[in-house]
Amino acid sequence: MFTVTATDGAARAGILRTAHGGVPTPAFMPVGTKATVKAVDPDELRALGAAIILGNTYHLHFRPGEDLVEELGGLHAFMGWDGPILTDSGGFQVFSLRDTLIELDDDGATFRSVYDGAPERLTPELAAEIQRRLGSDIAMCLDICRPPGVPRADLEEAVRRTTLWAQRQRDLPRAPGQLRFAITQGGLDTELRQRSSEELVPLDFDGYAIGGLSVGEERGPMFEATTAAASFLPENKPRYFMGIGDPEGVIEVISRGVDMFDCVLPTRTARTGSALTWEGRLNLRNARFARDPRPLDEQCGCPACTRFSRAYVRHLVNQQEILGLRLLSLHNLRFLIDLVAAARQAIERGDLTTWRDDALARLRPTNLETP
């Protein structure tokens, strides 16, 4: 199911085999929250180099519902994407959407739907059943994600319940060929991270995710926690960092042994009018681009960079033309997918450290520009 083909320090290159094809790792997963990567057609995703995408159990459960998706042939047929799909469990939404959580107990979570405010219930069994009916290639266990800064006792309880829920989900029915990943918790606490892994690894899931990071904590401690969390996970199973997608962050977690990651950042940043480039993040609303004839990034082969100037994309963005946001979405996704492919090649060559240092140095000069 997962084979490591090259290593360089803690970093790995490999191949993850799923029911809908293989995924070269490291791999960035574009986020298709509601069965679509915003503004991007599935054929365009393929052309950009995407090998796997992510769907959201919480949102698909409420709109349009797993019954309808199953009736229409499953998530792949429904959204016209024939490659691998990972679905998250819905837990992050339950615990992160502001003021919606009503009650949490060992059986599950009661919360108010973000759509109509009605009380709803999510249990590990229901999360698994929704994902079975969606028919994703990789289904995530329901877990508890705590915000940064909570007392250690809260993190301990999150670890305990996450393990309890994982035990209940381990052998539940799956879609044909569906893999199931567990999620480790523990925040920035190395001892709790180790405890979480030691409880989950013996359950022998198909892969393991590092959850509860990139949720607002400082970056330095986050990367230190990533190093520790990855080291506690099996070498022969894929490791998935949930929710990171900025270029610097992606490079850092790859170097620490992470194989997969996802984030809405490329498309969300595009919708603010900003481009990810080797000059850092460019705010195309800025007047300095009004007469700039250059492409967004000289090295990029995306549709925006091969055909249009920064000046033109800026014009589209400022006039609120949909094409501008589409072009930026295509570019940002391609930039990040290419970045990850370059990291993989560096691992295979055995010179990731040199490549990493050079890449971070190139990205840092202007990467703090406000979108």
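The values are calculated or read from the model by the stated rules, or taken from the named source; none is laboratory data. Just so it is clear, the model here is predicted, and its values are computed rather than measured. Cβ sites come from the backbone with ideal geometry, for glycine too, and all protein chains shown count toward neighbours. The area values use the complete protein model at the heavy-atom level, side chains included, leaving out ligands, DNA and RNA. Shrake-Rupley method; radii C 1.70, N 1.55, O 1.52, S 1.80 Å.
When Rg and the Kirkwood Rh are both derived from Cα coordinates, the Rg/Rh ratio for the range 1-135 amounts to 1.02.
Rounded to the nearest 20, the size of the Cβ-charge dipole of the range 134-230 about its Cα centre is 240 debye, with Lys and Arg at +1 and Asp and Glu at -1.
Taken about its Cα centre, the range 235-371 carries a charge dipole of roughly 520 debye when the Cβ of each Lys and Arg holds +1 and the Cβ of each Asp and Glu holds -1. Quick check: the angle from helix 190-200's long axis to the longest principal axis of the chain, C-alpha only, nearest 10 degrees? Around 60 degrees separate the two axes.
Carbon-plus-sulfur accessible fraction, the chain (probe radius 1.4 Å, protein heavy atoms only): 50%.
Calculated [222 nm] ellipticity per residue, helices only, for the chain: -12000 deg cm²/dmol; basis is -39500 (n - 2.57) per DSSP H run with n ≥ 4, divided by all residues, nearest 500.
Positive end of the dipole of the chain (Cβ unit charges, origin at the Cα centre): among 231, 302, 118, the Cα lying farthest that way belongs to 302.
Dividing the mean sequence gap of close Cα pairs (under 8 Å, 6+ apart) by how many residues the chain holds gives a relative contact order of 17 percent.
Taking only alpha carbon atoms, the range 142-235 gives an Rg to Rh ratio of 0.97, where Rh is the Kirkwood radius. Against the globular-protein guess of 2.2 N^0.38 Å, express the Cα radius of gyration of the range 88-205 as a ratio, rounded to two decimals. It is 1.05. Over the Cα atoms of the range 194-270, each weighted equally, I'd like the Debye log10 I(q)/I(0) at q = 0.17, 0.27 Å⁻¹, rounded to two decimals. Ignoring solvent entirely, the Cα scatterers give -0.63, -1.37.
Each Cα pair under 8 Å and six or more residues apart adds its sequence gap; the mean of these over the residue count of the range 64-222 is a relative contact order of 20 percent. Distances between placed amide hydrogens fall under 5 Å for residue 6 paired with 13, all partners being 5 or more residues away or on another chain.
Each listed q (0.15 Å⁻¹) maps to a log10 I(q)/I(0) for the chain from the Debye sum over equal C-alpha point scatterers, namely -1.38. Across the range 206-296, the relative contact order, built from alpha-carbon pairs under 8 Å that are at least six residues apart, equals 23 percent.
Averaged per residue, what accessible surface does the range 93-249 expose to a 1.4 Å probe, in Å²? Here the residues of the range 93-249 average 39 Å² of exposed surface. The C-alpha atoms of the range 236-308 occupy a region whose extents along the principal axes are 51, 22, 18 Å, arranged from largest to smallest. Charging the Cβ of each Asp and Glu at -1 and of each Lys and Arg at +1, and nothing else, the dipole of the chain about its Cα centre rounds to 1200 debye.
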